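Have a look at the structure below before the remarks.
Readers should treat all values here as calculations from the given coordinates under stated rules, not as data from a laboratory. Not measured: the values here are computed from a predicted model. Neighbour counts run over all protein chains shown; Cβ positions are idealised from the backbone, glycine included.
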Amino acid sequence: MGFEYRIVIAILVVEVVVVVVEAVVVVVVEVVVLVVVVVVAAKIVVVGVIVGKIAAAAVVVVVVVALVVE
């Protein structure tokens, strides 16, 4: 009887370890995905700011050229 209980306890311990490892892997993957999304979003914002500054400069140039031509 004692040996059978040890087998059952060993199986339960293995199952608990597997569940904990799966949970840790899921959390790590979610954190990595979140970091990647934040980095990509930050790069998109930086590119948007640069494009916005270029567009603003182009508008200024167009306005100055229009004033000079008139």
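Under a 10 Å cutoff between Cα atoms, tell me which one of 13, 39, 26 has the largest fluctuation in the Gaussian network model of the chain. Most flexible of the set in this elastic network: 13.
Could you state the angle between the C-alpha long axis of helix 2-69 and the longest principal axis of the C-alpha atoms of the chain, as a value from 0 to 90 degrees rounded to the nearest 10? Tilt relative to the chain: about 0 degrees. Note on the chain: with a GNM built from Cα contacts shorter than 10 Å, the maximum mean-square fluctuation among 31, 20, 60 falls on 60.
Working note: Cα atoms of the chain, range along each principal axis, descending, whole Å: 103, 8, 5.
Explain nothing, just the number: dipole magnitude of the chain about its Cα centre with +1 on each Lys and Arg Cβ and -1 on each Asp and Glu Cβ, in debye rounded to the nearest 20.
Values: 3 positive and 5 negative charges, 57 e Å.
The dipole of the chain has a size of about 280 debye.
Between residue 16 and residue 36, the FRET efficiency from the beta-carbon distance, with R0 = 30 Å, is close to 0.45. A dipole drawn for the chain from +1 and -1 charges on Cβ atoms has a positive end, and of 67, 32, 7 the residue lying farthest that way is 67.
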